[in-house]
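Engineer: Quick one: the structure is below, questions incoming.
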């Protein structure tokens, strides 16, 4: 490793095209490949100025405290709930994520999952592949997007991209967030349960973490009702998974489309066994083009920091320049 390069701790695998750039510009220590992680970390800790992470392990206070020279955590993904950004901000460590570059891809996937869930497209394909169409037509679907109102939980960049697509489909859009989003004309609900009662579909696109944990609970699902559809593109932690399983099993809601789960990649067997659920393996932004853009932004944040130009996309908990208290 060349002298003078900023030294990084890499916590897990990154896209292949990112590796050469990291090797060119930084001295990279790969924690995920260490046989004895504690011994490895103890050896490299005094030199580490940055972390590059893709949610492989939690970047918590316990880890960051072991890195006395730590200056920046570059997270690959718009969600950064695996990073204790609040602690980082309180201790002078900048956290960056990759907003913007994945918005449209995730919005596209959301619409695909919504239509697949409502019209049972994966179930219909399985029906055909099993040779059942030779015996009889696929049953008419109970679900339809006609005459439905769509409620979006979260109205950030991705929420707005989803709303634009839904509006283009001729469907009314409303949303719930802690406060009204600036410049957004859709009706805002401060009360999540009230919105669930008024809509036919809930699309979740909020960050994970303690503030949103289990926000979709039994009460919200019951408010959504027996004709309701839940689409989760956010984080598995946002939904009370046992409550969702109960709601699906007992027809308290019609169906669900899920891209995320509470304990990924382990998906509850109850969900896998159900026919009124469409399950995806967390592929919201998982295209080659989008992952390349995400990976590049991770590298660019680190390169900008190493050059003394500050971060490109700091998260709100670690603003740049730092806010004077």
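Engineer: With respect to the numbered conditions (1) closer than 30 Å to residue 100 by Cα; (2) in a loop (DSSP other than H, G, I, E, B), which one is the sole condition not fulfilled by residue 305?
Structural biologist: Here residue 305 clears every test but (2).
Engineer: May I pose another question? Using the structure shown, decide if residue 263 is within 15 Å of the chain's Cα centre (by Cα), on the phi < 0 side of the Ramachandran plot and surrounded by fewer than 20 Cβ atoms within 10 Å (Cβ to Cβ).
Structural biologist: Considered against the rule, which asks whether it is within 15 Å of the chain's Cα centre (by Cα), on the phi < 0 side of the Ramachandran plot and surrounded by fewer than 20 Cβ atoms within 10 Å (Cβ to Cβ), residue 263 comes out as yes.
Engineer: Continuing with this model, one more query. Which one of 256, 234, 286 is touching a strand residue (DSSP E or B) at 6+ places or on another chain (Cβ under 7 Å) and within 21 Å of residue 100 (Cβ to Cβ)?
Structural biologist: Just a single option satisfies the conditions, and that option is 234.
Engineer: Which count do you get for residues in region 275-288 that are free of Cβ contacts under 8 Å to residues at least 40 places away in the same chain and loosely packed, with under 15 Cβ neighbours inside 10 Å?
Structural biologist: Of the residues in region 275-288, 2 are free of Cβ contacts under 8 Å to residues at least 40 places away in the same chain and loosely packed, with under 15 Cβ neighbours inside 10 Å.
Engineer: Sort out which residues of region 30-56 are closer than 16 Å to residue 299 by Cβ and over 26 Å from the mean Cα position of the chain (by Cα), and write them in order of number.
Structural biologist: If the condition is that a residue be closer than 16 Å to residue 299 by Cβ and over 26 Å from the mean Cα position of the chain (by Cα), then 49 is the only one that fits.
Engineer: A further question on this structure: Looking at this structure, is residue 107 out of contact with any helix residue (DSSP H, G or I) (no Cβ under 6 Å at 6 or more places or on another chain) and buried (at least 22 other Cβ atoms within 10 Å of the Cβ)?
Structural biologist: No; evaluated as a whole, the condition is false for this residue.
Engineer: Of the residues 94, 101, 28, which single one is under 22 Å from residue 291 (Cβ atoms), touching a strand residue (DSSP E or B) at 6+ places or on another chain (Cβ under 8 Å) and surrounded by 14 or more Cβ atoms within 10 Å (Cβ to Cβ)?
Structural biologist: Every option except 28 fails the conditions.
Engineer: Restricting to region 228-260, give me the number of residues that are surrounded by fewer than 21 Cβ atoms within 10 Å (Cβ to Cβ) and in contact (Cβ under 8 Å) with a residue 60 or more places away in the chain.
Structural biologist: Total satisfying the criteria: 1.
Engineer: Considering 81, 38, which residue is out of contact with any helix residue (DSSP H, G or I) (no Cβ under 7 Å at 6 or more places or on another chain) and farther than 28 Å from residue 212 by Cβ?
Structural biologist: After applying the criteria, what remains is 38.
Engineer: Go through region 70-99 and give me each residue that's assigned to a loop (DSSP other than H, G, I, E, B) and in contact (Cβ under 8 Å) with a residue 40 or more places away in the chain.
Structural biologist: Correct list: 71, 76, 77, 78, 79, 80, 81, 92, 93, 97, 98, 99.
Engineer: Also, quick follow-up: Within region 283-302, can one find any residue that is in a loop (DSSP other than H, G, I, E, B) and under 30 Å from residue 225 (Cβ atoms)?
Structural biologist: There is at least one residue in region 283-302 that is in a loop (DSSP other than H, G, I, E, B) and under 30 Å from residue 225 (Cβ atoms).
Engineer: Further question on the same structure: I need the full set of residues from region 8-26 which are free of Cβ contacts under 8 Å to residues at least 60 places away in the same chain and either within 20 Å of residue 97 (Cβ to Cβ) or within 29 Å of the chain's Cα centre (by Cα) (or both), in order please.
Structural biologist: 9, 10, 11, 12, 13, 16, 19, 20, 23, listed by residue number.
No lab work stands behind these numbers, since they all come straight from the coordinates. Everything quoted here is computed from the prediction, not taken from an experiment. Cβ coordinates were reconstructed from backbone atoms using ideal geometry, including for glycine residues, and neighbour counts include every protein chain displayed.
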